[in-house]
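Take a look at the structure below.
The values are calculated or read from the model by the stated rules, or taken from the named source; none is laboratory data. Bear in mind that the values here come from a model prediction, so they are computed numbers and not experimental data. No Cβ is skipped: glycine too gets one built from the backbone with ideal geometry, and neighbour counts run over all protein chains shown.
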Amino acid sequence: MQSEAAVSKFDIEVDGRLVPAEPGQTIAAALIGAGIMVFRHTPAGAARGIFCGMGVCFDCLVTVDGLAEQRACMTLVQRGMRVQTRSAEGD
Ligand code: FES
């Protein structure tokens, strides 16, 4: 018999790959847990990821279910969610 915690976990799709996530977790936490540290690049090519972790700096912007420029540090994972890092989009 599986534990309740094991049953509640699910995967989200990030740049076409499955990333494990848990209810109540932010997208940023799921990405970092999967070893994804770069969420976007600046126009000059500098890598950006989590910086403030509280919705202030906008370094963690990703596309969520087709909606651009969502803050990964402030957005909770949902079953069936599809996330694109802006690095994957070519930004
Ligand atoms: S890490 Fe600063 S807004 Fe998300």
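Under 6 Å between Cβ atoms, which residue pairs at least 6 apart in sequence (or on different chains) link something in the range 66-77 that is over 15 Å from Cys52 (Cα atoms) with a partner that is among the small types (Gly, Ala, Ser) and crowded, with 22+ Cβ neighbours inside 10 Å?
Val77/Ala21; Val77/Ala30
Out of the residues in the range 1-46 that are farther than 10 Å from Val77 by Cα and among the acidic types (Asp, Glu), state the one that is modelled with the lowest pLDDT.
Ranking the qualifying residues of the range 1-46, first place goes to Glu4.
Which residue is nearest to Pro43 (Cα to Cα), if the candidates are limited to the range 78-90 and must be at pLDDT 95 or above and either away from the ligand (no atom under 15 Å from the Cβ) or charged (D, E, K, R) (or both)?
Gln84
How many residues are within 11 Å of the ligand (Cβ to nearest atom) and either within 13 Å of Val83 (Cα to Cα) or within 13 Å of the chain's Cα centre (by Cα) (or both) when one looks only at the range 33-53?
6
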